[in-house]
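Heads up, the thing below is written out as structure tokens.
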Amino acid sequence: MPRAHYELYYWPKIPGRGEFVRLALEEAGVSYLDVARQEGGMESLLALLKGRGGGLAPFAPPFLKSGKLLLAQTANILLYLASRHERLLPPGEANRFAAHQLQLTIADLVFEVHETHHPTAAHLYYEDQKPEAKRRAGAFVEARLPKYLGYFEEVLRCGDDGYLLGRRFSYVDLSMFQLMVGLSYAFPRAMKRLGPRIRGLSGHAARIRARRRIASYLASTRRLPFSEDGLFRHYPELDR
Ligand SMILES: N[C@@H](CCC(=O)N[C@@H](CS)C(=O)NCC(=O)O)C(=O)O
């Protein structure tokens, strides 16, 4: 394997939660290896999950190796990257904790998205929990999605220049972009209906998409498409 600054460990065929980390690595412009997408990489991922890397074993991907350090939990990994690459976060304690707070709120929403297609058990197939999924997705689309996006729209409005932390860009803007794209893939009807209420977020996503490093990444083969094996899944029956 070629030398890399960072090693990212995530399931090889889906963007999933790994994508939040990938976007930050791409924006930081650092070299990284997407380990599980390399030959023999899945074995390395599974070995680390089983605690064979020494130190604290992660519970689930994504995880990131930086030198001897092995870190898990998406929000934790992003906070770490932001502490090393100033492009990802404006200086100051207030910004650091505000970014982390927003990222954890994004993580809460991501969890609820997953629950729409796996409300009963994460290890069972969607097909084995369809009635429950329909009920859960109904409540999500009706109440939770507008509440979360309404909140983020409000946060964005507080910023003068259209970033979640105010005038300056941060890694949370990348995650918000990914969230908007994922939600539009999974729930196109609900997102269209919400459109007039989330104009700020839509404009924000378009601006993030156009950032030089992000646009170039999105056009590359490193970017994986959404599918019904991932976190953001499109099942028309759940998008009422
Ligand atoms: N809170 C963790 C959640 C990690 C997680 O659920 N990872 C998924 C893939 S996106 C997984 O492989 N989970 C396996 C499991 O929960 O058993 C994070 O944000 O990183």
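The values are calculated or read from the model by the stated rules, or taken from the named source; none is laboratory data. These figures come from a predicted structure and were not determined experimentally. Don't worry about glycine lacking a Cβ; one is built from the backbone with ideal geometry, like all the others, and counts go over all protein chains shown. Keep in mind that these areas ignore ligands, DNA and RNA; they rest on the heavy atoms of the full protein, side chains included. Shrake-Rupley method; radii C 1.70, N 1.55, O 1.52, S 1.80 Å.
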Problem - Residue order for K68, K134, K13, K147 - accessible surface, 1.4 angstrom probe, largest first - result: K68, K13, K147, K134
Practice task
Along Cα→Cβ, 7 Å out, is where each label goes; now give me the distance between the ones at D128 and L104 in nm to one decimal.
Solution key: 3.3
Problem - Within segment 71-104: backbone nitrogen closer than 18 Å to the H5 label point (7 Å, Cα to C-beta) - result: 71, 77-91
Fill in the blank from the handout: Taking protein heavy atoms only, a 1.4 Å probe, and rounding to whole percent, the accessible area of the chain owed to carbon and sulfur comes out at 52
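Report for the chain the percent antiparallel among DSSP-assigned beta bridges with both residues inside it, nearest 5.
Working: 8 of 11 bridges.
Taking every DSSP beta bridge within the chain, about 75 percent pair in antiparallel fashion.
For the chain, what value does the Rg/Rh ratio take when both radii are computed over Cα atoms and Rh is the Kirkwood radius, given to two decimals? Please list the in-between numbers first.
Details: Rg = 17.8 Å, Rh = 18.6 Å.
Value, to two decimals: 0.96.
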Fill in the blank from the handout: Most fluctuating of A24, A98, A186 in the GNM of the chain (C-alpha, under 10 Å) is A98
Completion exercise
Computed over segment 140-240, the distribution of all Cα-Cα distances in 10 Å bins, rounded to whole %, is 14, 45, 33, 7
Exercise for the section: With runs of 4+ DSSP H residues as the only contributors, calculate the mean residue ellipticity of the chain at 222 nm using -39,500 (n - 2.57) per run, divided by the residue total and rounded to the nearest 500. Expected result: -15500 deg cm²/dmol
Problem - Percentage of interatomic Cα-Cα distances in segment 47-159 larger than 20 Å - result: 59
Practice task
Output the direction-averaged projected area (hull surface divided by four) of the convex hull of the alpha-carbon atoms of segment 163-221, in nm².
Solution key: 4.4
Problem - For F232, solvent-accessible area (1.4 Å; no DNA, RNA or ligand), Å² - result: 10
Exercise for the section: Give, in nm to one decimal, the length gained when the segment between R240 and E142 is fully stretched (0.36 nm per residue of separation minus the Cα-Cα distance). Expected result: 34.4 nm
Problem - Cα pair distances in segment 1-110, grouped into 5 Å bins until the bin that holds the longest one, percent each - result: 2, 12, 23, 25, 20, 12, 5, 2, 0
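So, for segment 1-119, what is the accessible surface per residue at a probe of 1.4 Å, expressed in square angstrom?
Values: 5750 Å² over 119 residues.
Roughly 48 Å² per residue, with all protein chains present.
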Handout entry: For segment 41-92, the fraction of alpha-carbon pairs in successive 5 Å shells from zero, as %
Key = 4, 21, 27, 20, 13, 8, 5, 2
Completion exercise
So, with points 7 Å from each Cα along the Cβ direction, the S202-F59 label distance in nm works out to 3.7
Handout entry: Spin-label pair R189/E39, simplified geometry with 7 Å Cα→Cβ offset, distance in nm
Key = 4.7
